[in-house]
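Here's the structure, in structure tokens; my notes come after.
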Amino acid sequence: MRRDVRILLLGEAQVGKTSLILSLVGEEFPEEVPPRAEEITIPADVTPEKVPTHIVDYSEAEQTDEELRQEIHKANVVCVVYDVSEEATIEKIRTKWIPLVNGGSTRGPRVPIILVGNKSDLRPGSSMEAVLPIMSQFPEIETCVECSAKNLRNISELFYYAQKAVLHPTAPLYDPEAKRVTSCQPG
Ligand code: GTP
Ligand code: MG
């Protein structure tokens, strides 16, 4: 069994990465947030899968590209956060964030990705129409979830999905070099 799970949040500035982490920890929306949340560890007994879980924030203002590269390397799963009310942050998932996470690893298995549409309180409809083509383009995307750090909608669910993506991956992690599925869960 795995010893722990390391979840990294990435995405454009101001999409709400830090707010999501602090909402989960504090169970309320933090009006004021620092650029980057301290790394937190959730003890095994309070996580759904009973595995210690580290949650790691990213801030472009506070971290170098090299630090970002190292964090991606250490992560077991990456949550790419976008703002459902800002289309430009959705486009960057495809043009910037997924290539950054998995672009260098065409050989080995890829890091699973969860797409996280934050600020659902600001948009009545859903962002799924924009996100579905991205999901079909990148098989390493396990799932997508819309949430709101502000009204706490789907916050614990998103971290549960991330934990689950590591412990019970459903998407086949396809290895294009070897032309075979490296990890697959039946059903
Ligand atoms: P950087 O640290 O600059 O990369 O930004 P970030 O992605 O960490 O975003 P941050 O958590 O600092 O939030 C950016 C702004 O969005 C803040 O003003 C938050 O209060 C606001 N915000 C975050 N989540 C939500 C949300 O769910 N709904 C609304 N309406 N605002 C939010
Ligand atoms: Mg931040």
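The listed residues are E91, E31, E87, and the only one of them that is over 15 Å from the mean Cα position of the chain (by Cα), over 25 Å from Q137 (Cα atoms) and surrounded by fewer than 17 Cβ atoms within 10 Å (Cβ to Cβ) turns out to be E31.
The single residue among E60, E49, E39, E31 that is among the charged types (D, E, K, R), more than 8 Å from ligand 1 (Cβ to nearest atom) and at pLDDT 95 or above turns out to be E39.
Is the range 20-27 home to any residue that is touching an Asp or Glu at 6+ places or on another chain (Cβ under 6 Å), under 18 Å from I155 (Cα atoms) and at pLDDT 95 or above? Yes; the residues of the range 20-27 include at least one that is touching an Asp or Glu at 6+ places or on another chain (Cβ under 6 Å), under 18 Å from I155 (Cα atoms) and at pLDDT 95 or above.
Yes or no: the range 147-155 includes at least one residue that is assigned to a helix (DSSP H, G or I), modelled with pLDDT of 95 or more and within 29 Å of V46 (Cα to Cα).
The answer is yes, given that some residue of the range 147-155 is assigned to a helix (DSSP H, G or I), modelled with pLDDT of 95 or more and within 29 Å of V46 (Cα to Cα).
Of G103, G16, all but one fail to be small (G, A, S) and more than 16 Å from ligand 2 (Cβ to nearest atom); the exception is G103. The set of residues in the range 32-67 being more than 13 Å from ligand 2 (Cβ to nearest atom) and not in a loop (DSSP other than H, G, I, E, B) consists of I40, T41, I42, A44, D45, V46, T53, H54, D65, E66, E67.
The values are calculated or read from the model by the stated rules, or taken from the named source; none is laboratory data. Owing to the predicted nature of the structure, the values given are computational and were not obtained by experimental measurement. Glycine gets a Cβ as well: all are built from the backbone with ideal geometry, and neighbour counts include every protein chain shown.
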